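Visitor: Sending over a structure as structure tokens; questions will come in a sec.
Taken together, the values in this text are just the output of simple stated rules run on the coordinates, not laboratory data. In this text, all values refer to a predicted model and were calculated from it rather than measured experimentally. Here the Cβ positions follow ideal geometry from the backbone for every residue, glycine too, while neighbour counts run over all protein chains shown.
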Amino acid sequence: MAKPIVDGLENDLNGKADVIRLNAMTTIGRQAAAHFGARGLPTLVLVDGNGQVVLTQVGIIRSGPVLEQVEQLIAP
């Protein structure tokens, strides 16, 4: 259910931010989930250029807050 929303985010953020998708059933996906404290699926984690989490969404992914946060991060 989150795939169409994340597809849209990937399209909207093209050239602005990287969208990395991880499968929680793989080793790297489990490691990332543990590192970022994911407690449910799907989980979206927005990380700034310093590796700090600036936004986390669990369950229903809402593109508006993600796009707003990215714009704030890349603003001069």
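Visitor: Could you derive backbone 3J(HN,Hα) for the stretch 6-22 from the dihedral phi with the Karplus parameters 6.51, -1.76 and 1.60 (θ = phi - 60°), listing whole Hz in sequence and x where the residue is Gly or Pro?
Guide: So the Karplus estimates, Gly and Pro as x, are 5, 4, x, 4, 4, 5, 5, 9, 3, x, 10, 8, 8, 10, 10, 9, 10 Hz.
Visitor: What list of ³J(HN,Hα) values in whole Hz, one per residue of the stretch 65-76 in order, does the Karplus curve 6.51 cos²θ - 1.76 cosθ + 1.60 (θ = phi - 60°) give from phi, with Gly and Pro shown as x?
Guide: Computed from phi, the couplings for the stretch 65-76 are x, 5, 4, 4, 5, 4, 4, 5, 5, 9, 5, x Hz.
Visitor: Hey, what number do you get for the chain at 222 nm if only DSSP H runs of n ≥ 4 count, each worth -39500 (n - 2.57), divided across all residues, to the nearest 500?
Guide: Details: 3 runs with 32 residues, N = 76.
So the helix-based figure for the chain works out to -12500 deg cm²/dmol.
Visitor: For the stretch 2-76, would you read off the P(r) tail past 16 Å as a percentage of all alpha carbon pairs? Please list the in-between numbers first.
Guide: On the way: 1348 of 2775 pairs.
Value for the stretch 2-76 (Cα pairs over 16 Å): 49 percent.
Visitor: Toward the positive end of the charge dipole of the chain, about the Cα centre and with charges on Cβ (Lys, Arg +1; Asp, Glu -1), which of 26, 56, 42 goes farthest?
Guide: 26
Visitor: Given +1 on the Cβ of Lys and Arg, -1 on the Cβ of Asp and Glu, and no further charges, what dipole in debye does the chain carry about its Cα centre, rounded to the nearest 20? Mind dumping the intermediate values first?
Guide: Details: 6 positive and 7 negative charges, 73 e Å.
Here the chain has a charge dipole of around 360 debye.
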